[in-house]
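Participant: Sharing a structure here in structure tokens format.
Read-outs throughout are calculated quantities, based only on the coordinates presented, and are distinct from any laboratory measurement. Here the structure is a predicted model, which is why all the values come from computation and not from measurement. For neighbour counting, all protein chains shown are included, and Cβ atoms are generated from backbone atoms with ideal geometry for every residue, glycine included.
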Amino acid sequence: MNYRQAIVSVLATLLPILPYPTGLSAASNDGYRWFQVEISIFTNDYAEYRDAELWSPERLRLEYPERSRDFRQLAEFLQVPDLEQRLSDDLPGTRQVLTGEDEGESDAVIATGPFPEKSVTDLRLLDLDRQAFLLLPPALSDFQTTNSRLERSPSNRLLFNGVWRQPVVQQDESSSLLIRGGNRVGQHHELEGTVTVRFNANEDRVVIDANLWLTEFSRSVTDTQNWQLPAPPGRLTSAVQANNDTAGMAINRIVQLQESRDMRSNEFHYLDHPAMGLVISVFPYDLPNPVSLESPVESQSADDDL
């Protein structure tokens, strides 16, 4: 059994659990067509196929598009604004309280809240069903069975799994999503790169553009070629800095998966590569109306996320 046959046997577990309604989604109440996307990325550790390829630094095109963005995380919505300031002695709400007989003698008492004088007009509640590019809880994954089999496989290792919802737009409006997976080494991860989910020109197919690279780190150098990694967005400023910030580990090889694939929605797709694999499903998503308390809660608009 070769690596393609082995992977297909693992991925076949997805077929019974994925429904297959027909047609692309209609525009939602915000004017966009939304989809729920799930991706799993894993290694193919079949040495006879991986090592048969010629991997060379000169053949790599490692770069991040200008319109790149991180996934949103649930933890972002659980953070308390100005928490450190609220706990510090320099809090603007500190008030003076007189103590003892000497009215000139005072102690600083820190107000701990609530702070009614602070405006809350920027308060935004998390609307899980309407938030674009938010990594959803694992319980919403359709790939759980396949991911478990990949993790148990001696010839594969799951590097990344994510499920999210987003409006899908044309290429010139789309944003690339940053992918980081596997073990972290300094400022880098074994798996890095981007995926972009967009429409084709006729808007009758959803397209995935995958530009991913898998770095093999080790304690000692076994390959004398000059492998270079691009700086992670927002962290370092040059490829030289990025390459040096690998926690003392050497880079022995970098392999790249670079592919665009037209997809029918409601179907399961596999992007093949001798060193790694990517499986993806894209389903139309009916964006619900905003949650209403006393007045509608404004969710983050698609325009803000594109």
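Participant: By its C-alpha gyration tensor, with a ≥ b ≥ c as the square roots of the eigenvalues, how is region 135-185 shaped: rounded for a/c under 1.5, else prolate for a/b larger than b/c, else oblate?
Facilitator: prolate
Participant: Return one quarter of the surface area of the convex hull spanned by the alpha-carbon atoms of region 126-270, equal to its mean projected area, in nm².
Facilitator: For region 126-270, the mean projected area of the Cα convex hull comes to 11.1 nm².
Participant: Roughly speaking, what is the stretch gain from Arg264 to Glu151, that is 0.36 nm per residue apart minus the C-alpha to C-alpha distance, in nm to one decimal?
Facilitator: Gain on extension, Arg264 to Glu151, equals 37.9 nm.
Participant: Here's something else I'd like to know. At Thr246 and Phe71, where each label point lies 7 Å from the Cα along Cα→Cβ, what is the point-to-point distance in nanometres?
Facilitator: Placing both labels 7 Å beyond Cα along the Cβ direction yields 2.6 nm.
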